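> Here you go, one structure.
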Amino acid sequence: MLALLALGSVGCATTPAVVSKPLPSPVVSTKLEVLDRKLFEEVVGESNGDAYRVGPGDALLVAVYGHPELAIAAYAGAGVSGGRSSGFVVDNDGSIQFPLVGSVHVAGKTSEELRAFLETRLADFLREPRVTVQVSWNGSIRYYLLGQFTQPGMKLSDRPMRLMEALALGGSIELERASLRGAYVARGDTRLPINFHRLLREGDLGQNIPLRSGDVVFVPDNAGDQVFVFGGVMGERGGLGSVPFVNGSLDILQALAQAGFGFRERAQGMLSETRVIRSEGDRGMLFIVDVERILDGEAASFHLMPGDIIFVPTTALTDWNNAMQQILPTLQSVSGLLSPFVQIKYLRD
């Protein structure tokens, strides 16, 4: 028995231990790009203290000193119904009907601009008219909350709001189904570079911008998350297209394969210099990823994020400027699908 125990202990002592060694990262280099603050403010287009501009549905109180007969009460009786204060209601065409002057276009004007305008017009009828203008009812402010809200739709407000306040009008956001990285604020035909993930998950109030009437807040479903693959001399799909996430996960080899890249030949592009653009809000991270090392088992996989742009160059590149010159024409063709950062940083005239 002692002999058997001794042999067993020797056997255990000589069994080699299994050591797990993690593979290195395939990332060759990274570069952070942040939108210039002046450019950001130019795109957002509004800051604290901006004067309110009149719009259709608003009600205005206008008084002319020494001429009470020009007050709205003398012409409209009890004034404006529906809980609004008495005043001139701005029509859908942005105008009001003012005594003596007639039709006056007021939409887009501040109270001060409207005051000066009315004094100029009334000078044809009165001596040195003095006018005061006050917005008594904000009926033109409306926001559109679309996507993963519990109460989506058009929302009216009695005052200008910031983004967080407007989001509350939509109830709550279905975070388990929402794609915060794909969410955006649209103002006209421009998407604003707002980082919803930092705003809602990290409490970054720098993203809590003032909204304008008519702004659209869209929070898409994460089932539509995708990446974009360009470049190389690829298969039937031509190396251009979007690749969806599967169960919320996607790595760079899966994306390239689904885009039609044939790894057996490996002569279809400079895999060792694959470019990845990852952006959110007002900043982007530029990666150079050595996909060759991943294929050879010498580097770990590179996991993608929704909205990533992958570019496999056909020739060696000197720098990122050279890469962007090659990719810009293709980005232009799908500009409407790309993040606000990419649209503003690279595609803006």
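Any read-out appearing in this document is the output of simple, stated calculations on the displayed coordinates, not a laboratory observation. Note that the structure is predicted; figures quoted are calculated from it, not measured. No Cβ is skipped: glycine too gets one built from the backbone with ideal geometry, and neighbour counts run over all protein chains shown.
> Might you report the magnitude of the Cβ-based charge dipole of segment 140-228 about its Cα centre, with Lys and Arg at +1 and Asp and Glu at -1, to the nearest 20 debye? Don't skip to the end; give the middle numbers.
Working: 11 positive and 10 negative charges, 53 e Å.
Roughly 260 debye for segment 140-228.
> Show me the GluC sites (Glu not before Pro) within segment 143-193 that DSSP assigns to loop and that have at most 12 other Cβ atoms within 10 Å of their Cβ. Write out the running numbers ahead of the final one.
Values: sites: E165, E174, E176; in loops: E174, E176.
Passing sites in segment 143-193 are E176.
> Using only the Cα atoms of segment 142-222, build the gyration tensor, take square roots of its eigenvalues as a ≥ b ≥ c, and label the shape rounded, prolate or oblate: rounded if a/c is under 1.5, else prolate if a/b is larger than b/c, else oblate. Don't jump to the answer; show the numbers that get you there.
Working: a/c = 1.39, a/b = 1.20, b/c = 1.15.
Note, shape of segment 142-222 comes out rounded.
> Run down the lysines and flag those whose C-alpha is under 17 Å from the C-alpha of K345, throwing out any fewer than 8 positions away in its chain.
K31, K38
> Moving to a separate point now. Give, as a single signed number, the net charge of other residues whose beta carbon lies under 9 Å from the beta carbon of Y144, with Lys and Arg counted +1 and Asp and Glu -1. Each step should come with its number before you reach the end.
Working: positive: R142, K155; negative: D215.
Net charge in that neighbourhood comes out at +1.
> Would you mind computing, in nm to one decimal, how far apart the modelled labels at A123 and M285 are, each placed 7 Å from Cα along Cα→Cβ?
Simple spin-label model gives 6.1 nm for this pair.
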